[in-house]
Each structure stands twice: as structure tokens, then as C-alpha cells.
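Here the structure is laid out as C-alpha cells; the discussion comes afterwards.
The values are calculated or read from the model by the stated rules, or taken from the named source; none is laboratory data. Here the structure is a predicted model, which means the values were calculated and not measured. Side chains included, ligands, DNA and RNA excluded: accessible areas come from the protein's heavy atoms. Shrake-Rupley method; radii C 1.70, N 1.55, O 1.52, S 1.80 Å.
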Amino acid sequence: MVQLLLFFLLIGLFIYGMTLLRSGLFNLSAGSLKNWLAAVTNSPWKGTVMGTIVTAVLQSSSAVMIITIGMVSARMLTFPQTIGIILGTNIGTTFTTELITFNIESYIVPLAAAGSILAVMKNKSLRSSGLALLGLSAVFAAMRGFEYLAGSVKDNDMVNHWLLTLDGNYLFAVAAGIVLTAIIQSSTATTGIIMGFLTAGAMDLDTGIAIMLGSNIGTCVDAYLASIGSGKEAKLTAFAHIWLNCLGVAAFYPFIHVLAVLGESAASSPDVQLAHISVLFNVISSLLVLPFANQFGRFVIRLHGRK
């Protein structure tokens, strides 16, 4: 019971840290991010570049998708312009996954202290920088917590039963990733949890990859909820996001073991292996669709554009 409570507290700490980090970075960039999205989306590849940059800055693909849907609803963007942005968000979100693999445990307290001091400054830029540093320290503290928790619970009978159910059953693992991400509303948090279990040796890399794939579908829930009542084109944007992620996961699902082998050859640490595989999956799946972005947009319109 204590371990379960600690698990939820760590999830809360991770999401809170991501929120602070995102708020600080967004305040530093002011409203220019929305202007960039509106101005540089006249072609799918430009939208992909901008979607990648904005998602890397905001540290959240869900946040960028919600902003995009809001802009479509306000007629600042059209549905075809959003295809490239969606592809870019999938790439940009991997920046956070790679970031949390860095070993900066000894800097957590100094980062938190510096962030606390800057956060009470009157200058807006300094205050925003402080929030970003506080958020970053909270994210890394949560990651260390996940590793500690995984190490202590891996011998628990109930946890072992759950992990054994997932190990070797990719479909269940993908479903677990979808459900967990839909509940906590952060694919990065889901991946962070899995990284902790991988580092503690409580989970196989194959299972971690399958859960990571599922998290890419689960993260679509936020965008879909944001599209409700936001007009026809906003709903098309949400459906495009869902289709792109579902098709990407379906394409890579048969190659989970191959991805695991590639990950093991790319890095020695299992959390870094999963981060690299996440980058590989998102970059390849986005780049494969990019040349056919216009055709894909027409496909979504034919499928969901009818009244």
C-alpha cells in the first residue's frame, strides 16, 4: 500500500515537474510560438520542422496538439496545415525522453535551489527560468524515485505477476501503455516510469518498447477531448493525430524484437536504449508519412469529413 502511494506521488511529481518546465519555457517564448505555427505551415515539411521545435520547447506533444486544435477552431490554421505539425510533435516529444536519460542526480538539489531563488524574482524572464529549473529538478527527482521504487517492488508477488503477464505478450503491453497514458495524460511520464523499471531490471526491453508504442496512442486522448465542440476541422485534426499514431504503432508492432536488438546495440543502459528506440520509431514513422501528407489529409477528410 505504501509503495502504491509512493508510485502515485512520483507520477504526480513527474507531471508537476513537466508542467513547471513547460510553463517556464512557454513564458520565455511568449506568444511567438503560436505566431510561428501560423506563419510557417504553408507546406507539410515546414509544419513538421515547426511542430518539432515547438514540442521540444514546450516539452509536451499534447500541449502542442491542444494549441493547434485551438488555432484551427479559431480559424488561424486550416486542417491541411496541421498534418505537418502533428508529424513534428511526434518527433519533438522524443527530446524529453532523451533528456531524462542524462545522469544529473548530483545536480538535482542545486537546480532546485537555483530555481527557487529565480522563481521569486520580479523579472519575468528570470522567474520563468526559475520555474523551468524547478520543473527540471522535479522531473529528475521523480525519475530517480521510479528507479528506486522499481528496485524495491520487483520482488512483490502482485507486481511480478503483472510483469509476467506483460512479458512476452506484446498486445497486453501495448494496451497497458494506452491505458496508463490515457489516465496520467503524458506519454513522457509513461516512458519515464518504464525507464525506471528497465534500469532496475524489473522489465524486459521488448515489453518496455511495446508499452512505449502504446503510450503514443494513449497520448491522443488529450487532443480528442480538446476537439469536442471545437468545430469540424478541429475534429479532423484530432482524428488525423489518432490515425497517424495508430498506423505507426501497427507498422512497428511486428518488429518490436528487432527494435530491441537495435536498441541493445546502440547503448548499454536499458533506459537509454528505450529513449533511442522512441526516437527511431517517431522519426521514421513521421518521415514515412511526410511525402504523402496531402494524400493522408484527404484520406482523413473522406473518412471523417462527412456530416
For the range 178-307, diffusion coefficient by Stokes-Einstein and Kirkwood Rh (Cα), 20 °C, 1.002 mPa s, µm²/s: 137 µm²/s
Apportionment of accessible area to carbon and sulfur, the chain, percent (1.4 Å): 68 percent
Relative contact order [Cα under 8 Å, 6+ residues apart], the chain, whole percent: 22 percent
Whole-Å distance, taken between Cα centres, linking the range 94-134 and the range 212-250: 31 Å
Whole-Hz ³J(HN,Hα) from phi, Karplus 6.51 cos²θ - 1.76 cosθ + 1.60, for the range 76-84, glycine and proline x: 7, 9, 9, 4, x, 5, 7, 4, x
Volume of the Cα convex hull of the chain, divided per residue and given in Å³: 132 Å³
Value at 222 nm in deg cm²/dmol, rounded to 500, when DSSP H runs of n ≥ 4 in the chain each add -39,500 (n - 2.57): -26500 deg cm²/dmol
